[in-house]
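Take a look at the structure set out below.
Readers should treat all values here as calculations from the given coordinates under stated rules, not as data from a laboratory. Since this is a predicted model, take the numbers as computed values, not measurements. Cβ placement follows ideal geometry from the backbone for every residue including glycine, while neighbour counts extend to all protein chains displayed.
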Amino acid sequence: MNITIKAPHHNLTEAMRGLIEDKFSALDKLTAHAGTPVTLSCEIEESIAVERSGAKYRAEGNLALDGKLFRAEAASSTLEGAVDRVRDDLIREFQHAQGKRKGLVKRGGAALKRMLRFGN
């Protein structure tokens with residue numbers, strides 16, 4: 001997985017970069033079977049506008065996987081909390097999409113089975 005981290009108006013230390021990459025490495029388990037390269041674009045922002053709402057850091061994540069885009073955004077008082085929320089939201093969105101795809105396949109198979117049943 002290719003992770004791109006942007007931090008406009010903020011100096012990102014190696015410790016912060018390592019923390020972000022470590023947190024988002026949990027997505028590797030979900031995206032291991034992807035046919036195309038997986039890219040994750042993460043943007044970290046520390047601003048006064050976000051701080052007025054009680055949070056200091058805002059994190060945004062865009063996960064591009066097999067032609068689909070999953071997006072999450074979160075704000076928290078700590079960088080780790082914001083990244084955790086974004087990671088959890090991306091996992092939730094990805095699993096929801098997988099469930100919808102599996103449900104469609106099952107419904108299609110059931111419809112095909114109903115059409116092939118004849119004589120009963």
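Just one of the listed residues (19, 27, 12, 40) is closer than 17 Å to residue 82 by Cα, of a type in the set (A, V, I, L, M) and touching an Asp or Glu at 6+ places or on another chain (Cβ under 9 Å), namely 19.
Tell me which residues, restricted to the stretch 64-92, are in contact with a helix residue (DSSP H, G or I) (Cβ under 8 Å, 6 or more places away or on another chain), assigned to a helix (DSSP H, G or I) and not charged (D, E, K, R). Result: 79, 83, 90, 91. Taking every residue in the stretch 66-79 that is free of Cβ contacts under 8 Å to residues at least 60 places away in the same chain and pairing it with any residue that is surrounded by 19 or more Cβ atoms within 10 Å (Cβ to Cβ) and basic (Lys, Arg), at least 6 positions away or on another chain, the pairs with Cβ-Cβ distances below 9 Å are 72/87; 73/58; 74/58; 75/58; 76/58.
Answer yes if at least one residue in the stretch 49-61 is within 17 Å of residue 5 (Cβ to Cβ) and either exposed (fewer than 11 other Cβ atoms within 10 Å of the Cβ) or in contact with a His (Cβ under 6 Å, 6 or more places away or on another chain) (or both), and no otherwise. Scanning the stretch 49-61 turns up no residue that is within 17 Å of residue 5 (Cβ to Cβ) and either exposed (fewer than 11 other Cβ atoms within 10 Å of the Cβ) or in contact with a His (Cβ under 6 Å, 6 or more places away or on another chain) (or both).
Pairs needed: first member in the stretch 87-112, surrounded by fewer than 12 Cβ atoms within 10 Å (Cβ to Cβ); second member anywhere, part of a helix (DSSP H, G or I); C-beta distance under 8 Å; at least 6 residues apart or different chains. Correct list of pairs: 95/30.
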